[in-house]
1. Show the residue pairs that are 6+ apart or on different chains and have beta-carbon atoms under 8 Å apart, the first residue being within segment 162-180 and open to solvent by 30 Å² or more (accessible area, probe 1.4 Å), the second being β-branched (Val, Ile, Thr).
2. When you scan segment 127-139, do you find a residue that is among the aliphatic types (A, V, I, L, M), part of a helix (DSSP H, G or I) and surrounded by 22 or more Cβ atoms within 10 Å (Cβ to Cβ), even just one?
3. Restricting the search to segment 176-193, which residues are hydroxyl-bearing (Ser, Thr, Tyr) and in contact with a Leu (Cβ under 8 Å, 6 or more places away or on another chain)?
4. From the list Phe15, Phe47, exactly one residue is closer than 15 Å to Ser130 by Cα and not small (Gly, Ala, Ser). Which is it?
5. Would you pick out the residues in segment 181-211 that are within 20 Å of Ser91 (Cα to Cα), open to solvent by less than 10 Å² (accessible area, probe 1.4 Å) and small (Gly, Ala, Ser)?
6. Determine, yes or no, whether Arg10 is within 20 Å of the chain's Cα centre (by Cα), among the charged types (D, E, K, R), closer than 22 Å to Leu184 by Cα and outside any strand (DSSP E or B).
7. Among (1) open to solvent by 30 Å² or more (accessible area, probe 1.4 Å); (2) farther than 19 Å from Cys131 by Cβ, which single condition is Ser52 missing?
8. Of the residues that sit in segment 70-104 and are in a loop (DSSP other than H, G, I, E, B) and among the aliphatic types (A, V, I, L, M), which one is most open to solvent (accessible area, probe 1.4 Å)?
Amino acid sequence: MVLVSKMSTRNIARFWEWGKKIICVGRNYKDHAIELKNAIPSEPVLFLKPPSAYVREGSPILLPFYTSSLHHEVELGVLIGQGGTAIPQSSAMDHVAGYVLCLDMTARDVQDECKSKGLPWTLAKAFNTSCPISDFIPKEKIPDPGNINLWLKVNHIVKQNGSTSQMIFSIPYLIKYISQIISLEEGDLILTGTPKGVSSVQEQDELQAGIDGIVTMTFKVDRKKKI
């Protein structure tokens, strides 16, 4: 049985103020999996970020004190407008309110250590400011989210440039897959993976990212002070 929740009157364009969870898909671009020497997944690799990971343009990305290798990952975020459980792939896009350009900031050295020990990725992925986001993008502005170009520059040098057509798992499939395991709610954000070209950033670096013809955003990196 498919369970569908009703739309609310909350302002979806300010989802970061009240959305409950960020569901991230790892290794969803073959070339990115290869560049990190990971196996190509046969089913989606999922991890979570808390809402405290959100940071908006004008505020800095804070480099955690416990990492010396903070990496950028530019991604298309899919914003859920109508929640549900076990959503069929055929109607999955009806649950999408719009899109967001996102960065999945990753403490790569910490992630590598966690992977080697078989530990969760929380310290590497879920810290405060680990999910920089653009303004909300209405659904009608991206009629084909499976064929848009994402790019990212560090200090004006292009590091990532790839198309969502390279994703291993499509957005409708991801919505179906995730909602079978984790009920989706209005305001939830799904990060759909990153193309190849990830690299480390340093304190005072400037990151610019965009979706061709749709949106751009700029963030500075700052150092979080150890207490």
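1. Ile168/Ile40; Lys176/Ile87; Gln180/Thr85
2. no
3. Correct list: Ser183, Thr192.
4. Sole residue among the options that is closer than 15 Å to Ser130 by Cα and not small (Gly, Ala, Ser): Phe47.
5. Listed by number, the list holds a single entry, Gly187.
6. Criteria not met by Arg10.
7. Tallying (1) open to solvent by 30 Å² or more (accessible area, probe 1.4 Å); (2) farther than 19 Å from Cys131 by Cβ, Ser52 fails exactly one: (2).
8. This residue is Ala86.
The values are calculated or read from the model by the stated rules, or taken from the named source; none is laboratory data. A quick note: this is a predicted structure, and the numbers were derived from the prediction, not measured. Note that we place each Cβ from the backbone using ideal geometry, even for glycine, and neighbour counts take in every protein chain shown. With ligands, DNA and RNA removed, areas are computed over all heavy atoms of the protein, side chains included. Shrake-Rupley method; radii C 1.70, N 1.55, O 1.52, S 1.80 Å.
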